[in-house]
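Here's the structure, in structure tokens; my notes come after.
Nothing in this text is a laboratory measurement; each read-out follows from the coordinates by a stated rule. In this text, all values refer to a predicted model and were calculated from it rather than measured experimentally. Cβ: placed from backbone, ideal geometry, glycine included. Neighbour counts: every protein chain shown.
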Amino acid sequence: MFQDPDHPDLQQLAAHHDAGTHEQIPAEQAAVAVDAFHQNADPQIVQQVTDAHYENMSPAQLQDAAQSLKDKLQSVAGTSPEAAQLAAVDPATATPEQVAAMHRFILKEHPEVMRALLIGGGIAVGALAAFAARRYLIHHGR
């Protein structure tokens with residue numbers, strides 16, 4: 001889907017972004033879309049979208065996302081000092097930058113954990129899918 005700007009699913013996700021209806025995107029569909037975005041979009045766009053996604057969250061949403069990411073990081077903290085350091089972030093005081101770093105680490109080092117996180121929710125996956133679609137289309141002049 002994130003290889004073809006004319007893909008109908010991509011257009012639909014971007015329309016949800018524009019209408020502010022991303023919460024209506026079924027979680028499974030959103031998870032598949034974000035996974036495709038992670039795998040197929042330019043890494044620079046992935047980083048920009050990830051950073052902006054967490055910057056745009058309300059404090060409560062950011063705290064929820066930080067907790068979800070922390071929970072997943074704790075499952076792999078014994079295998080990596082970086083995972084342990086990121087797992088030590090307090091969700092109550094986590095900054096958007098810290099949460100984005102947690103997301104990027106899990107995506108890069110433990111993609112299977114990221115897939116489980118996407119399906120399980122906790123990181124506003126519908127909003128991320130819709131935002132990613134819109135940014136992808138803008139990047140491709142649409």
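Among the residues of segment 88-105 satisfying the criterion of being over 14 Å from Asp51 (Cα atoms) and of a type in the set (Val, Ile, Thr), which is surrounded by the fewest Cβ atoms within 10 Å (Cβ to Cβ)? Lay out the reasoning, then the answer.
Taking segment 88-105 first, the residues over 14 Å from Asp51 (Cα atoms) are 88-93.
Now narrow it down to the ones that are of a type in the set (Val, Ile, Thr): 89, 93.
On the way: Val89: 19, Thr93: 9.
Among those residues, the one meeting the criterion is Thr93.
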Failed criterion for Gln85 (all others in (1) surrounded by fewer than 18 Cβ atoms within 10 Å (Cβ to Cβ); (2) closer than 18 Å to Leu137 by Cα hold): (2)
In segment 58-111, residue nearest to Gln44 (Cα to Cα) [restricted to those that are outside any helix (DSSP H, G or I) and among the polar types (S, T, N, Q)]: Thr95
Contacts under 6 angstrom Cβ, first residue in segment 93-104 being under 11 Å from Leu73 (Cα atoms), partner of a type in the set (Val, Ile, Thr), 6 or more apart: His103/Thr50
Near pairs, Cβ below 8 angstrom, 6+ apart or cross-chain, from segment 110-133 (β-branched (Val, Ile, Thr)) to any residue that is assigned to a loop (DSSP other than H, G, I, E, B) and surrounded by fewer than 24 Cβ atoms within 10 Å (Cβ to Cβ): Val113/Ser75; Val113/Val76
Residue that is of a type outside the set (S, T, N, Q), in contact (Cβ under 8 Å) with a residue 24 or more places away in the chain and either within 19 Å of Leu69 (Cα to Cα) or out of contact with any helix residue (DSSP H, G or I) (no Cβ under 8 Å at 6 or more places or on another chain) (or both), where the choices are His17, His22, His38: His38
